[in-house]
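*Asks:* Quick one: the structure is below, questions incoming.
The values are calculated or read from the model by the stated rules, or taken from the named source; none is laboratory data. Only a predicted model underlies this, so the values are computations on that prediction, with no experimental measurement involved. Virtual Cβ from ideal backbone geometry, glycine too; neighbours counted across all protein chains shown. With ligands, DNA and RNA removed, areas are computed over all heavy atoms of the protein, side chains included. Shrake-Rupley method; radii C 1.70, N 1.55, O 1.52, S 1.80 Å.
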Amino acid sequence: MDFSKRKDVVFLVLAGFFITNAIVAELIGGKLVQFFGIFTQSLGIILWPVVFILTDLINEHYGKAGVRKLTYITVALIAYMYILISIGMVVPAVSFSPVSDAAFITVFGQSQWIIAGSIVAFLLSQLVDVYIFWMFRKLTGSRMIWLRATGSTIVSQLIDTFTVQYIAFVLPGKWSLDDFFKNAAWGYCFKLLVAVCLIPLIYLGHSIINKYLHRDLNDHGPIHGNT
């Protein structure tokens, strides 16, 4: 990676925010909150819309290969975090530790189910997202960014939401199947609503990146490849 090239700098920044949001979402995912007094979701859901935007930006400017590589790296780092948390839960705390073993296990023990579910759901949904995004990209060319961004999210987040919530909350016995279908359905609708609301930010992000990269175009060749 050549940091004198704007293309590489942009990818590094996008990747940094992408990975950070994914990992923080896992860490805070054990806390359940209620939205609009109707449905219950993991607190981590508030960070995934940012991941949606970043996925679309990386897809557009760095192609399938960029998203796939970053997805695999993120999954590996989440798995690495899972191992570290598991080790942390078996190492005993000292008597004067402000965080007791019980408190640590209560928080991060539940997060382990979130992490396990997210690894499976994230990998599946991202690979589906890439496929659908480029299916629309081939049909529309550089036009109708909103269509490929929203279209890929509709399908990928259906897979993501139901997979992660089943593994995270049904398997450990936190939710009944009725709770699961109700909360997963509402969570999916919430993600779709947020995805639609974020469309202007996707266009803004594309505009900023294009302006920054086009200044580099004369010196460093094509902006991106779609392989």
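*Asks:* Probe of 1.4 angstrom, ligands and nucleic acids ignored: what's the accessible area per residue over the chain, in square angstrom?
*Replies:* About 50 Å² of surface per residue is accessible.
*Asks:* Would you kindly find the accessible area of Trp186, with a 1.4 Å probe and non-protein molecules such as ligands, DNA and RNA excluded, rounding to the nearest 10 Å²?
*Replies:* In the full protein context, Trp186 sits at about 110 Å².
*Asks:* Of Ile87, Phe162, Leu198, which is farthest on the positive side of the dipole of the chain, counting Cα position, with +1 on Lys and Arg Cβ, -1 on Asp and Glu Cβ, and the Cα centre as origin?
*Replies:* Among Ile87, Phe162, Leu198, the one farthest towards the positive end of the dipole of the chain is Leu198.
*Asks:* Could you work out how far the C-alpha centroid of segment 102-167 sits from that of segment 17-61, in angstrom?
*Replies:* 10 Å
*Asks:* From largest accessible area down, sort Asp8, Asp129; use a 1.4 Å probe on the protein chains.
*Replies:* The most accessible residue leads, giving Asp8, Asp129.
*Asks:* Over segment 1-90, with every protein chain in place, what whole percent of the accessible area is carbon and sulfur at 1.4 Å, could you tell me?
*Replies:* The value for segment 1-90 is 71 percent carbon and sulfur by accessible area.
*Asks:* Report ³J(HN,Hα) in whole Hz for each residue of segment 173-184, in order, from the Karplus equation J = 6.51 cos²θ - 1.76 cosθ + 1.60 where θ = phi - 60°; Gly and Pro get x.
*Replies:* Rounded to whole hertz, the list is x, 6, 10, 7, 5, 5, 4, 4, 5, 5, 5, 5.
*Asks:* Relative to the present Cα-Cα distance, how much length would full extension add between Phe35 and Lys5 at 0.36 nm per residue of separation?
*Replies:* My answer for the length gained is 6.5 nm.
*Asks:* To the nearest 20 Debye, how big is the dipole of the chain about its Cα centre, given +1 on the beta carbon of each Lys and Arg and -1 on that of each Asp and Glu?
*Replies:* Value, rounded to 20: 600 debye.
*Asks:* Using heavy-atom solvent-accessible surface (probe 1.4 Å) with all chains present, what is the largest-first order of Tyr82, Tyr62? Intermediate results must be reported in sequence, preceding the final value.
*Replies:* Numbers: Tyr82 80, Tyr62 25 Å².
Largest accessible area first, the residues go Tyr82, Tyr62.
*Asks:* Beyond a 31 Å Cα-Cα separation, which of these cross-linked pairs lie in this structure: Lys64/Lys191; Lys7/Lys31; Lys7/Lys138; Lys64/Lys174; Lys69/Lys138; Lys31/Lys138?
*Replies:* Lys7/Lys31; Lys64/Lys174; Lys31/Lys138
*Asks:* Can you send over the carbon and sulfur percentage of the accessible area for segment 120-200, probe radius 1.4 Å, protein chains only?
*Replies:* Answer for segment 120-200 is 73 percent, counting heavy atoms of protein chains only.
*Asks:* Leaving ligands, DNA and RNA out of it, work out the accessible area of Ile114 with a 1.4 Å probe and give it in Å² to the nearest 10.
*Replies:* 10 Å²
*Asks:* Per the helix-only calculation at 222 nm, which mean residue ellipticity applies to the chain, given -39500 (n - 2.57) for every DSSP H run of n ≥ 4 and division by its residues, nearest 500 deg cm²/dmol?
*Replies:* Taken over the chain, the calculation gives -26500 deg cm²/dmol.
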